[in-house]
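Read the structure below first, then the notes.
Where a number appears in this text, it was derived from the coordinates with a stated rule and is not lab data. Not measured: the values here are computed from a predicted model. So basically every Cβ, Gly included, is an ideal-geometry build from the backbone, and we count neighbours across all protein chains shown.
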Amino acid sequence: MHLLLVRHGLSEWNLAGRWQGWADIPLAVEGEAQAREARPALEDLGLTAIVHSGMLRTERTAELLASGLGLPAVEVEPGLKEYDVGDWAGHTRPEIEARWPGALDAWFQGHLPATPGGESRDGFASRLSDAVHRVALTHPGGTVLCVTHGGVVGTLQRVLSEGGVQVGPRIGNLSGRWVHVDWRDGRAVTRLGELVHLLPPARETESPSA
């Protein structure tokens, strides 16, 4: 089966440059406009279901993307929530650097196993793998749009790539990645697919917070 994991529209804290994590921040007006503009790009993908992470910004994005597609009711998979950034939630990058000098660089270079008070990298990756497999089991043979978060897509890119290295650019709002799941002898084999951009390049945003 096939999953298209797409980052939500621009949120109010994306605009403010604040790290979100599990903070339940709604879409900005601009994010709602992005989702409406992106919806026609989904019409020819053969989608059979839409799932979101259960957070305000993914729920609203999913509702707007689902409008007029004639699909079943939007579903929730909490395992697709963003990485829990712990004590960094609500802070901008300059604020994080001032309070935790050097920690941001260590995080982006992969040397920090967890943000202060946050989820471990390994725990996050394991949670995402479990969530992808649950969606796959629930929708065998389907093509499912999963409205999720930049950190989710970025982490799946890394763990599913050869050698576990980061693949591709940071994920902008309303961009994402295909993930394909095959079942062989009762075991899930998950493969990374191509990048997808639901908005024209001129309308994409690569906001600094997840």
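Compared with the alpha-carbon gap, the fully stretched path from residue 36 to residue 99 is longer by 18.9 nm at 0.36 nm per residue.
Whole-Hz Karplus values for the stretch 131-137 come out as 5, 4, 5, 5, 4, 4, 5 Hz, taken residue by residue from phi with 6.51 cos²θ - 1.76 cosθ + 1.60 and θ = phi - 60°; glycine and proline positions read x. Only one of (i) 39, 19, 15; (ii) 32, 18, 14; (iii) 26, 21, 14 was calculated from the structure for semi-axes √(5λ) of the Cα gyration tensor in Å, and its label is (iii).
Remark: the stretch 20-36, residue by residue, has Karplus-estimated 3J(HN,Hα) of 9, x, 8, 5, 8, 9, x, 5, 6, 3, 4, x, 5, 5, 4, 5, 5 Hz, where x stands for each Gly or Pro and the curve is 6.51 cos²θ - 1.76 cosθ + 1.60 at θ = phi - 60°. For the pair residue 29 and residue 182 in one chain, pulling the backbone fully straight at 0.36 nm per residue adds 51.2 nm over the alpha carbon distance.
Based on the alpha-carbon gyration tensor of the stretch 1-54 and its eigenvalue square roots a ≥ b ≥ c, which shape applies: rounded if a/c is under 1.5, prolate if not and a/b is larger than b/c, or oblate? Oblate is the answer for the stretch 1-54, as a/c is 1.5 or above yet b/c matches or exceeds a/b. Basic side chains Lys and Arg get +1 at the Cβ, acidic Asp and Glu get -1 at the Cβ, and with that the dipole of the chain about its Cα centre reaches some 220 debye.
Work from the charge dipole of the chain (Cβ charges, +1 for Lys and Arg, -1 for Asp and Glu, about the Cα centre) and give the residue of 51, 100, 140 farthest towards its positive end. Positive-end residue among those listed: 140.
Using C-alpha pairs under 8 Å with a sequence gap of at least 6, the mean separation divided by the residue count of the chain gives a relative contact order of 33 percent.
For residue 188, no residue whose modelled amide H falls within less than 5 Å of its own remains once neighbours fewer than 5 places apart on the same chain are excluded. The antiparallel fraction among DSSP beta bridges confined to the stretch 12-157 stands at about 25%. The amide H of residue 146, built 1.01 Å from its N in the peptide plane, has 4, 5, 6, 51 as neighbours under 5 Å, considering only residues 5 or more places off or on other chains. The orientation-averaged shadow of the Cα convex hull for the stretch 18-121, equal to a quarter of the hull surface, comes to 7.8 nm². Karplus-derived 3J(HN,Hα) values for the stretch 98-112, using 6.51 cos²θ - 1.76 cosθ + 1.60 with θ = phi - 60°, are 5, 8, 10, x, x, 5, 4, 4, 4, 5, 5, 8, x, 8, 9 Hz; glycine and proline are entered as x.
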